[in-house]
């Protein structure tokens with residue numbers, strides 16, 4: 001890989017496993033800084049603000065400043081601002097999404113909102129029912145990411161944004177627009193945030209259906225790492241392929 005490349009890096013399965021750093025991830029980040037390479041950690045997780053995530057990473061030995069983190073919540077906020085500035089939204093989400101929506105000057109309300117914006121949350125029946133009714137009444141339906149499940153306390157699988165979106169869609173009859181990976185919009189938002197071009201950028205991820213697909217559709221070089229959910233023998237069945245496969249980020253030389 002050329003030393004002039006910029007790097008967009010998935011977080012879960014690439015730099016960390018839950019609350020544990022993947023061996024060598026700290027050295028990879030250090031090499032990026034030493035080469036003065038532009039980089040951005042990109043995550044579909046909208047629960048936390050960049051400052052929250054930076055703190056969590058720092059506690060396990062990864063020094064990634066908040067300004068080097070871009071979330072699906074941030075991409076979602078930028079998208080709805082571009083569609084309808086100074087609008088209103090009913091938001092199902094936590095601090096990361098709420099802060100991003102407030103940050104673009106939106107009013108969060110359940111009174112005739114322009115959008116229903118769905119992120120990750122501890123969903124309850126009352127929240128979901130209100131979202132269904134607002135969508136059915138005409139609010140535009142936006143979801144931060146299509147991931148159906150995620151890891152909860154103790155590693156248990158819990159329903160994530162994609163599952164809640166499917167529930168709302170089934171009852172309301174209205175399909176959501178997913179902003180997060182693999183939507184190329186997420187990648188383009190990250191490229192714009194970093195102020196770099198796709199032809200000079202590498203996407204590093206562990207998931208074929210989100211990271212690599214999103215990278216391929218955005219025209220960037222893709223590197224698949226095998227520290228996450230994808231096994232080497234799984235790759236051949238996909239119609240799109242990564243530019244390179246490595247065991248982990250520890251093997252990547254910027």
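Going through 42, 62 one at a time, which residue ends up being in contact with a helix residue (DSSP H, G or I) (Cβ under 6 Å, 6 or more places away or on another chain), on the phi < 0 side of the Ramachandran plot and outside any loop (DSSP other than H, G, I, E, B)?
On the way: 62 fails: outside any loop (DSSP other than H, G, I, E, B).
Just a single option satisfies the conditions, and that option is 42.
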- prompt: Do the conditions hold for residue 205, that is, is it at positive phi and modelled with pLDDT of 95 or more?
  reply: no
- prompt: Do we find a residue being touching a helix residue (DSSP H, G or I) at 6+ places or on another chain (Cβ under 7 Å), surrounded by fewer than 19 Cβ atoms within 10 Å (Cβ to Cβ), at pLDDT 95 or above and closer than 19 Å to residue 168 by Cα anywhere in region 120-135?
  reply: yes
message: Taking the criterion of being part of a helix (DSSP H, G or I) and out of contact with any strand residue (DSSP E or B) (no Cβ under 7 Å at 6 or more places or on another chain), would at least one residue in region 106-116 satisfy it?
response: no
field: Selected residue (criterion: surrounded by the fewest Cβ atoms within 10 Å (Cβ to Cβ)) from residues of region 136-171 that are in contact with a strand residue (DSSP E or B) (Cβ under 6 Å, 6 or more places away or on another chain), modelled with pLDDT under 90 and part of a loop (DSSP other than H, G, I, E, B)
entry: 152
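Of all the residues that make up region 23-39, how many are touching a helix residue (DSSP H, G or I) at 6+ places or on another chain (Cβ under 7 Å) and buried (at least 22 other Cβ atoms within 10 Å of the Cβ)? Before the answer, list the steps.
Of region 23-39, the ones touching a helix residue (DSSP H, G or I) at 6+ places or on another chain (Cβ under 7 Å) are 23-25, 27-28, 38-39.
Within this subset, residues satisfying the condition of being buried (at least 22 other Cβ atoms within 10 Å of the Cβ) are 25, 28, 39.
Of the residues in region 23-39, 3 are touching a helix residue (DSSP H, G or I) at 6+ places or on another chain (Cβ under 7 Å) and buried (at least 22 other Cβ atoms within 10 Å of the Cβ).
When you check residue 74 against the structure, is it crowded, with 21+ Cβ neighbours inside 10 Å, at pLDDT 95 or above and either more than 20 Å from residue 227 (Cβ to Cβ) or in the same structural domain as residue 247 (by TED's automatic domain parsing) (or both), yes or no? Give the steps one after another, and end with the answer.
Details: crowded, with 21+ Cβ neighbours inside 10 Å: yes; at pLDDT 95 or above: yes; either more than 20 Å from residue 227 (Cβ to Cβ) or in the same structural domain as residue 247 (by TED's automatic domain parsing) (or both): yes.
Taking the combined requirement at face value, the residue satisfies it.
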task: State whether the residues of region 6-18 include one that is over 30 Å from residue 142 (Cα atoms) and either surrounded by 15 or more Cβ atoms within 10 Å (Cβ to Cβ) or at pLDDT below 95 (or both).
output: no
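The values are calculated or read from the model by the stated rules, or taken from the named source; none is laboratory data. Remember, it's a predicted structure, so these values are computed and weren't measured experimentally. Methodologically, a virtual Cβ is constructed for each residue, glycine included, from the backbone with ideal geometry; neighbour enumeration extends over all protein chains shown.
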